[in-house]
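Structure first, commentary second.
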Amino acid sequence: MAPKKKTNLSHQQQIARALNRACGCGYQEALRRVAEAARKGLLPAGLDKAGREQAVEILLAASASQLETPAAPVPLSELAPWAERARAVLSQFTALFVADLVAQNEDADERAEFAAYCEAAESEDLAAAWLYLGAGCIASFNQGRGLQTHGEWRTSLDQLEQQIQENWRGLAGAVDFTDGFTTAEEVFQRDVWDLPTMTILAGLPESSLPATLRAWARACGSVAVGDAGRALVAFDRAREHRFASDLAQIQVSMMLRALTSSYTLPELVEFSAQFADALACHHIAAAGGGGPDADASGTASSPSAAGQEG
């Protein structure tokens, strides 16, 4: 068996070298792709010269997801530090956010109070609050729609991400960047000041916005379904953006509007906050080795149908 193993390894190395020459991905990355393809049974049974050439063609045609090496599962308890931060601030944060939504006035004291709170809050606390409130939106959505399986949750999240990718400009209220605005003052005077415009004027690529919004959506959705690995990776990526908190608020607002219910926006925030608190409790309990009353997804029980269509 030992000589056979050595021969197979040699074949994989040859395929990796050929793959690297073909696409320039680097030898180590090519070797990883070959090993992953072999593990998944994607390579030809015979790896003679013709088989190795066919293997390179297969690898070049394979999608990234097919050749992705699965990461080790991340325990739910890894979310506990963020859950603790969220629980500590959610009550005040939600109350101020709801008051701002009720006021619906840029000049209202409630708007100023919420903005001042966000400005003074620890950035990590604010990030945790947006993360769990967003997760609460999705958990509410899942329960209200009667979605029960992880497959249904994933499909729902994928649809949300696609919606953000395709419609982010209209949902975020962005301006048409071809209409001649060149300075911050000009944009402000035309009463079209918004986050996407700010990023363009700050010299940041417009393409980074929908990608970061999708990262926020994936982080929140993964928290809602208890997938700590995907949640933390997406969360880290989203928080790297210069306007991370603003993007999180836009993303949560988009999800709230996507609930399409007969409830008002402030009511939906309060319902979502209930689910957010239940999720946070579930993740904190997981770190302590205990089992909370919530089910495996951490979904809160609620008499409302916050996610049901009106």
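Readers should treat all values here as calculations from the given coordinates under stated rules, not as data from a laboratory. Source: prediction; values computed, not measured. No Cβ is skipped: glycine too gets one built from the backbone with ideal geometry, and neighbour counts run over all protein chains shown.
Taking a sphere under 15 Å around the Cβ of residue 123 and counting the other residues whose Cβ falls inside, with K and R at +1 and D and E at -1, yields a net charge of -4.
Among 234-243, 22-31, how do they line up by average Cβ neighbours within 10 Å per residue, starting with the highest?
Working: 234-243: 18.4, 22-31: 14.6.
Top to bottom by mean Cβ count within 10 Å: 234-243, 22-31.
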